[in-house]
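Have a look at the structure below, then the notes.
Coordinate-derived values only; no laboratory data. It should be emphasised that the depicted structure is a prediction, and the values quoted were computed from it without experimental measurement. Note that each Cβ is placed from the backbone with ideal geometry, even for glycine, and that neighbours are counted across all protein chains shown.
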Amino acid sequence: MKILGIETSCDETAAAVVEDGIRILSNQIASQVEIHARYGGIVPEVASRQHILAIIPILKQAMAQAKVTWGDLDGIAVTIGPGLAGSLLVGVNAAKAIALARGLPITGVNHLEGHIYANWLIDRDIAFPLVCLIVSGGHSDLVLMRGHGDYVVLGRTRDDAAGEAFDKAAKILGLGYPGGPAIEQAAKNGTASIQLPRAWLEGGNDFSFSGVKTALLRLVEGGKVSTVASQDDGLPTKADAAASFQEAVIDVIVTKTVAVAKEYRVKQILLAGGVASNGLLRRLVAQNSPIPVLVPEPVLCTDNAAMIAACGYYRFQAGKIDGLDLDVVPNFKLA
Ligand code: KG4
Ligand code: ZN
């Protein structure tokens, strides 16, 4: 079964063809990151305009890379939310137009569910029950999954998402956008020598990342982090601040994820979302978990359409076919 996946929820226009939910025949992504970097964050109107420009070329590229024609496809999976309404509309309308023209079944996918299903692109036989940590620019959720399409959210962030915290910290340190990769890169030249606060929120599975960000801001505003390249002022460098911030955030994420996985006696831990491409997170979860950990390669952690096609495969298997009245759901919840 060959499924065309389409993803336009945020600032990547993506299309992919995946066979039987696991074989990636193509995976094309047009990133808008350089355009939004000028503004230090995503501008929704600019994003939807860029999606309109990119959607047809990216669809053609995905079909060409997969060496398939429209007649070879068995279905279309498209992200309907959560995300920016104007961005989602571009992908959903493209998907509906193809479905109508070619008489293909269509299924609307939750973007977060798509992130989770990136893991099925690397292993078809994942054991349930499992705990999945979704850490992206908009979400930080700990999800118990008892079977395909069966989710219980066990914990979530009470303020900033993990990726959002990385983006804000990078802005504070003047490291550019997107912040996650910038912080990880800068941290390689520093040591985690600054003690930043960790919000353990005892007794629960929720996260909070705004405190550590504010602590970093206070240090920078108070002149406690060096702004010059040379270190002869004796202050911690920006690289040290980046390493300290990264460690504070990842420490909490790893500890809580492993604890919740043990508590629910799951068979597997999955990582998903853009922040799961962070090397320190990947290393520390693997080191600290007695439970097997699965994490997709970085390009499948950040936004892509192969994960949407993979999720679509399991939705089609379960008979979840939508009509052409399919619409965007900008605040779509997972469970
Ligand atoms: O999943 P994603 O591509 O888009 C959303 O659905 O939000 O995640 C994007 C987020 C951004 O906040 C970005 O800074 C963060 O993931 N991110 C990272 C890394 N790569 C991307 N955070 C930490 N370390 C990274 N290497
Ligand atoms: Zn995402």
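Some points to look at:
- Its convex hull of Cα atoms gives the chain a direction-averaged projected area, equal to a quarter of the hull surface, of 16.5 nm².
- Under the criterion of Cα pairs below 8 Å and six or more residues apart, the relative contact order for the stretch 67-153 equals 21 percent.
- Taking the convex hull of Cα positions in the stretch 76-214, its mean projected area over all directions (nm²): 11.5 nm²
- Those lysines that a straight Cα-Cα span of less than 18 Å connects to Lys256, excepting residues fewer than 8 apart in one chain: Lys267
- Estimated FRET transfer efficiency (Thr255, Met1; beta-carbon r; R0 41 Å; 0.05): 0.55
- A simple spin-label model places the labels of Gln65 and Gln317 2.4 nm from each other, with each point 7 Å out along Cα-to-Cβ.
- The stretch 261-325: relative contact order in percent, alpha carbon pairs under 8 Å with at least 6 residues between: 33 percent
- Nearest-0.05 FRET efficiency for Ala127 and Glu202, computed from C-beta distance (R0 22 Å): 0.15
- Projecting the Cα atoms of Ser226, Gly5, Ile52 onto the dipole axis of the chain, where Lys and Arg carry +1 and Asp and Glu carry -1 at the beta carbon, places Gly5 farthest toward the positive end.
- Acute angle (nearest 10 degrees) that the helix 162-172 long axis makes with the longest principal axis of the chain, alpha-carbon atoms: 50 degrees
- The stretch 1-157, relative contact order in percent, only Cα pairs under 8 angstrom and at least six apart counted: 21 percent
- Whole-Å distance, taken between Cα centres, linking the stretch 208-227 and the stretch 105-160: 32 Å
- In sequence order, calculated HN-Hα J values of the stretch 255-265 (Karplus, 6.51, -1.76, 1.60; Hz; x Gly/Pro): 4, 5, 5, 5, 4, 5, 5, 5, 4, 8, 6
- Three-way shape call for the stretch 180-322 based on the alpha-carbon gyration tensor, with the a/c threshold at 1.5: prolate
- Residues in the stretch 120-156 reached by a label modelled at Tyr264 [backbone nitrogen below 14 Å; 7 Å Cα→Cβ]: 127-135, 141-156
- Spin-label zone in the stretch 22-62 - amide nitrogen under 18 Å from a point set 7 Å from the Cα of Asn93 along the C-beta vector: 44-60
- Anisotropy class of the stretch 1-154 from Cα gyration tensor, a/c 1.5 cut: oblate
- Separation of the Glu297 and Arg23 label points, Cα + 7 Å toward Cβ, nm: 1.7 nm
- Those aspartates and glutamates that a straight Cα-Cα span of less than 20 Å connects to Lys224, excepting residues fewer than 8 apart in one chain: Asp232, Asp233, Asp240, Glu247
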